[in-house]
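The values are calculated or read from the model by the stated rules, or taken from the named source; none is laboratory data. All values derive from a computational prediction rather than experimental measurement. Quick reminder, even Gly has a Cβ in these numbers, built from the backbone with ideal geometry, and neighbours come from all protein chains shown.
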DNA sequence: ATTTTTATTGCATAAAAATGCATAAACACG
DNA sequence: CGTGTTTATGCATTTTTATGCAATAAAAAT
């Protein structure tokens with residue numbers, strides 16, 4: 001065995017000739033311990049490679065300095081997580097580390113035990129949810145969590161009468177911006193690809209933005225130009241666009257609810273012999289990395305994951321550390337940004353074709 | 001306040017009219033407690049929504065049922081994590097959950113405290129490292145960890161005399177497969193883009209595979225066709241390819257050490273007026289998602305992240321739970337797979353150009 | 001009826017650090 | 001010199017669950 005058992009605060013106390021309580025205080029820089037003994041104790045602690053036992057500390061203090069990140073996914077398949085979520089995950093990892101919190105990461109598993117576990121079982125001080133799969137299921141869970149006094153917040157559309165605190169991109173505005181961009185390029189028959197049911201409030205908001213832009217431009221909203229895509233995958237985007245093409249509807253632009261859907265749609269459109277952006281303009285939503293590498297490169301509405309992860313972390317820690325009289329933490333909205341590349345036209349095509 | 005303070009095992013004991021120890025045993029299905037009382041106790045626990053306090057339990061049992069995943073990254077920038085690592089992360093998240101372990105995720109931060117913290121401070125039972133930034137720094141750390149008896153293993157090239165246990169793709173074989181694929185397409189002047197210094201052993205192995213394939217085909221290894229790319233980004237790949245083009249060296253194929261580098265190189269090549277794959281074949285390494293969406297779609301060597309994450313998790317848990325006489329856990333290698341798309345030629349081009 | 005065996009259950013304590021309360025030492029002041 | 005005040009430190013206890021050992025009750029054997 002290459003190691004002797006780990007040093008405890010009692011070992012240090014013994015070696016320093018003080019009591020265990022003094023060691024505890026000294027290591028936390030308590031002014032109750034003289035600078036002299038403090039330094040002495042710290043030196044010994046370092047020498048013995050002493051590390052505070054987090055379990056003992058957390059048990060005593062009834063806190064954990066840990067956050068939990070729970071990712072919602074419908075498909076329990078071996079699929080990759082959607083790229084935007086991955087961007088969020090990395091920014092949350094960074095943000096929590098910066099604030100000296102640990103981060104537990106897991107998937108939400110419907111069949112498994114309740115998520116409140118994290119805080120009830122004292123493994124984390126609060127929970128961040130990424131998306132909410134089916135909205136109605138989420139609502140029920142949120143109610144329970146609020147009831148049990150759990151600290152949590154959610155990345156996802158904030159709906160009127162929403163349970164709990166959310167942070168999200170302004171999906172309505174983003175949808176409007178995307179559609180206006182297409183209109184600015186002179187497009188007349190703009191297709192929307194995405195789920196507009198109440199199960200997918202974010203997509204629905206984007207669709208509302210689409211409708212608003214159309215109305216404000218005095219254009220008619222044609223329900224035949226809306227195709228349901230239940231999940232954000234390029235495969236389903238591809239299939240929906242094929243259905244659109246087969247429907248023989250007249251269209252000259254596509255606004256896809258996500259980039260993944262847009263990428264699939266672009267493939268279908270190109271395979272059908274139409275040119276992007278000359279014949280059909282396409283714009284997506286999320287600004288995922290893969291969008292940079294399609295031909296033409298995909299224009300999109302960017303949700304600033306970096307900023308969002310930073311803010312969501314800060315808000316949750318705010319909720320946890322909030323004192324009685326502090327102002328309550330409120331839901332927040334991130335501004336979407338239009339990222340113009342080459343899939344909508346109107347810009348010099350640098351790649352020869 | 002919407003909640004009364006959480007129930008403890010003592011509360012349950014009181015309500016069940018038994019001692020706390022009996023509650024503890026009953027909830028863990030100990031045969032020392034009669035089935036009758038066990039069921040009774042469980043019913044009360046459920047009614048009170050009792051959750052075991054993990055801190056108390058971990059303190060008592062001196063274990064945590066938690067793994068730590070530490071991601072190595074050179075650049076402390078706000079950049080995205082490299083896509084292959086993200087795939088690994090999601091598969092490790094899934095694999096740990098499946099085995100009822102929790103997962104702490106963090107970045108390795110050189111300036112910060114030592115990583116051994118995780119196990120020393122009893123926050124995790126073991127650590128998975130993803131990559132190792134600079135190899136020499138890693139070696140030093142690995143030595144310390146072994147010395148302190150920490151359970152850990154690393155995703156990354158296993159070198160002769162390597163510290164600790166590793167799991168990795170067979171980079172040598174992968175490099176050879178990629179190069180052979182290019183040779184099979186009749187390519188004569190094959191460029192290698194990547195770092196071949198000892199700081200990047202994985203890239204170096206891929207380069208060795210490249211050399212071996214060339215030698216076995218009776219071709220000459222031309223050092224002028226090797227360009228250093230220090231990090232895996234499309235930007236650096238783009239710059240390296242521009243340098244290659246400016247060098248006026250004669251080339252008809254590129255093997256890039258990663259897909260990201262390949263994607264950047266493809267862009268530079270196409271901008272210079274060369275056609276892919278007609279004039280230049282390109283192949284990458286990793287099989288990241290974005291490679292599917294380039295034009296032409298990028299051929300690559302796939303490292304099976306799904307499988308790797310599964311295995312690395314299983315191995316680490318094996319190390320942790322290993323009994324005195326169990327066979328020791330050994331380093332392992334994952335087979336690379338050739339993924340043929342359209343960037344090397346020889347296949348019908350479906351997209352019109 | 002008494003002893004032995006078996007099955008349950010409780011008591012006391014361990015695990016490691018944090019903290020309220022008590023106390024000792026040092027110092028000041030009348 | 002005695003009393004009050006400040007500063008530093010220790011003692012005892014707290015947090016919650018798990019477990020070795022002891023005790024008890026019930027069942028079986030003599």
Practice task
Confirm whether residue A:67 is within 13 Å of chain B (Cβ to nearest Cβ), more than 9 Å from DNA strand C (Cβ to nearest atom) and touching a strand residue (DSSP E or B) at 6+ places or on another chain (Cβ under 6 Å).
Solution key: yes
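Before we move on, is residue B:316 in contact with a strand residue (DSSP E or B) (Cβ under 8 Å, 6 or more places away or on another chain), more than 18 Å from residue B:195 (Cβ to Cβ) and free of Cβ contacts under 8 Å to residues at least 60 places away in the same chain?
Answer is no for this residue.
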Exercise for the section: Could you please give the count of residues in region A:3-22 that are more than 11 Å from DNA strand D (Cβ to nearest atom), within 21 Å of residue B:58 (Cβ to Cβ) and either touching a strand residue (DSSP E or B) at 6+ places or on another chain (Cβ under 7 Å) or in a helix (DSSP H, G or I) (or both)? Expected result: 1
Exercise for the section: Would you confirm whether any residue within region A:122-129 is assigned to a strand (DSSP E or B) and away from chain B (no Cβ under 14 Å)? Expected result: yes
Fill in the blank from the handout: Going through region B:45-64 in order, the residues found to be more than 8 Å from DNA strand D (Cβ to nearest atom), within 14 Å of residue B:6 (Cα to Cα) and in contact with a helix residue (DSSP H, G or I) (Cβ under 6 Å, 6 or more places away or on another chain) are B:45
Fill in the blank from the handout: residue B:249: passes all of (1) in contact (Cβ under 8 Å) with a residue 60 or more places away in the chain; (2) more than 14 Å from chain A (Cβ to nearest Cβ); (3) surrounded by 17 or more Cβ atoms within 10 Å (Cβ to Cβ) but (3)
Handout entry: region A:238-280: number of residues that are closer than 20 Å to residue B:295 by Cα and in contact with a strand residue (DSSP E or B) (Cβ under 6 Å, 6 or more places away or on another chain)
Key = 6
Problem - Hey, residue B:281 touching a helix residue (DSSP H, G or I) at 6+ places or on another chain (Cβ under 9 Å), in contact (Cβ under 8 Å) with a residue 40 or more places away in the chain and surrounded by fewer than 22 Cβ atoms within 10 Å (Cβ to Cβ) or not - result: no
Exercise for the section: Determine, yes or no, whether residue A:212 is touching a strand residue (DSSP E or B) at 6+ places or on another chain (Cβ under 7 Å) and either surrounded by fewer than 18 Cβ atoms within 10 Å (Cβ to Cβ) or in a helix (DSSP H, G or I) (or both). Expected result: no
Problem - Meets criteria (surrounded by 17 or more Cβ atoms within 10 Å (Cβ to Cβ), within 14 Å of another protein chain (Cβ to nearest Cβ) and without any contact (Cβ under 8 Å) to a residue 40 or more places away in the chain) for residue B:269 - result: yes
Handout entry: Conditions (1) more than 10 Å from DNA strand C (Cβ to nearest atom); (2) more than 43 Å from the chain's Cα centre (by Cα); (3) at pLDDT below 90: number failed by residue A:14
Key = (3)
Handout entry: Matching residues in region A:277-317 - criterion: being within 11 Å of chain B (Cβ to nearest Cβ) and part of a helix (DSSP H, G or I)
Key = A:289, A:290, A:291, A:292, A:293, A:305, A:306, A:307, A:309, A:310
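Keeping to region B:145-162, report how many residues are more than 10 Å from chain A (Cβ to nearest Cβ), without any contact (Cβ under 8 Å) to a residue 40 or more places away in the chain and on the phi > 0 side of the Ramachandran plot.
The qualifying residues number 1.
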Completion exercise
Taking region B:96-111 and the residues there that are farther than 15 Å from residue B:63 by Cβ and assigned to a loop (DSSP other than H, G, I, E, B), the one that is modelled with the highest pLDDT would be B:108
Exercise for the section: Test residue B:42 against the criterion of being more than 9 Å from DNA strand C (Cβ to nearest atom) and assigned to a loop (DSSP other than H, G, I, E, B), and give yes or no. Expected result: no
Fill in the blank from the handout: The residue from A:180, A:139 that alone is modelled with pLDDT under 90 and part of a helix (DSSP H, G or I) is A:139
Completion exercise
The condition of being within 9 Å of chain A (Cβ to nearest Cβ), modelled with pLDDT of 85 or more and in a helix (DSSP H, G or I) holds, among B:49, B:58, only for B:58
Completion exercise
Of the residues in region B:23-40 that are more than 8 Å from DNA strand D (Cβ to nearest atom) and touching a residue at least 12 places away in the same chain (Cβ under 8 Å), the one that is nearest to the chain's Cα centre (by Cα) is B:26
